[in-house]
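What follows is one structure encoded as structure tokens, with my remarks underneath.
The values are calculated or read from the model by the stated rules, or taken from the named source; none is laboratory data. Treat the numbers as computed from the prediction; the structure is a model and nothing was measured. Neighbour counts are summed over all protein chains in view; Cβ atoms, including those assigned to glycine, are modelled from backbone coordinates with ideal geometry.
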Amino acid sequence: MSLPSSPIRFAAAPLDEYAGKVTYGLAYVGGLLVLPQFFAYLANLRWSGLQVPLGLAAALALFLLLSYAFQPKAYRIDPDRLVIERRWAPAIRIPFEQISGVSTATALADMPRFGLRFAFNAGVFGYQGPFRLDPYGRVTLFATNRQRLVAIARYDAPVVIISPDRPRDFIAALNEQRLASATRQMHESMEVSNAL
């Protein structure tokens, strides 16, 4: 029986132009909201109405921080599962038994401009969370770049869409590892049945 192969790691693709603009724009707006409070402090003015933009800036900062924490940083192919590594949040693990197919998802490159009906985070540090796309239905995204999307179909769960730096190499490596895992399980089950 062969030993399990070592994990293969693919970096997440860099942010695409749209995600970069949304991320920088949101950070810029948050910075602008802090300016009135800053100038009031410098002028030694006290006005309680300045707390409103400061509160909005704090909410934007929290959303940016959480979006960064959940941003995918790498996709690791273990001997028996796909692992989506995120910056600070726990990793997502998808066993090979749940995966029914893998392919590129280039048709979604125009998202979020076209076909987006619901999105949790459509651009801040990438595209994360549950989405509803026309005509595809429910999907879950852990992606950073719309031009490098890979769809992972699952049997009893929504499709997972990711964006490795090298999509075609990722698909080939994942399919090869899925085949090796299935072969290994078949050999193990044959050994158990032969031992009985």
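Structure values in brief
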quantity	calculated
Candidate set: region 33-44, residues that are surrounded by fewer than 11 Cβ atoms within 10 Å (Cβ to Cβ) and of a type outside the set (Gly, Ala, Ser); chosen: the one farthest from Phe63 (Cα to Cα)	Asn44
Thr183, sole failed condition from (1) surrounded by 14 or more Cβ atoms within 10 Å (Cβ to Cβ); (2) out of contact with any Pro (no Cβ under 7 Å at 6 or more places or on another chain); (3) farther than 15 Å from Val102 by Cα	(1)
Residues satisfying the stated conditions in region 155-174, i.e. part of a helix (DSSP H, G or I) and touching a strand residue (DSSP E or B) at 6+ places or on another chain (Cβ under 6 Å)	Pro167, Phe170, Ile171, Ala173, Leu174
Qualifying residue in region 50-57 (condition: more than 19 Å from the chain's Cα centre (by Cα) and within 16 Å of Gly20 (Cα to Cα))	no
Selection status of Ala182, outside any helix (DSSP H, G or I) and over 20 Å from Ala13 (Cβ atoms)	no
Filter result for the condition that a residue is more than 27 Å from Leu26 (Cβ to Cβ), of a type outside the set (Lys, Arg) and touching a Lys or Arg at 6+ places or on another chain (Cβ under 9 Å), over Ser163, Ser181	Ser181
Among the residues listed as Gln128, Gln71, the single one being modelled with pLDDT under 95, surrounded by 20 or more Cβ atoms within 10 Å (Cβ to Cβ) and touching a Ser or Thr at 6+ places or on another chain (Cβ under 8 Å)	Gln128
Enumeration of residues in region 131-172 that are in contact (Cβ under 8 Å) with a residue 40 or more places away in the chain, surrounded by fewer than 19 Cβ atoms within 10 Å (Cβ to Cβ) and of a type outside the set (Val, Ile, Thr)	Gln147, Ala153, Arg154, Tyr155, Asp156, Ala157, Asp165, Arg166, Arg168, Asp169
Region 74-89, subset more than 12 Å from the chain's Cα centre (by Cα) and surrounded by fewer than 16 Cβ atoms within 10 Å (Cβ to Cβ), residue farthest from Leu141 (Cα to Cα)	Pro79
Residue within region 168-185 that is at negative phi and touching a Gly at 6+ places or on another chain (Cβ under 7 Å) present	no
Qualifying positions in region 1-38 - modelled with pLDDT under 90 and closer than 30 Å to Asp169 by Cα	Met1, Ser2, Leu3, Pro4, Ser5, Ser6
Residue match in region 151-165 (condition: in contact with an Asp or Glu (Cβ under 7 Å, 6 or more places away or on another chain) and either closer than 21 Å to Gln98 by Cβ or among the aliphatic types (A, V, I, L, M) (or both))	no
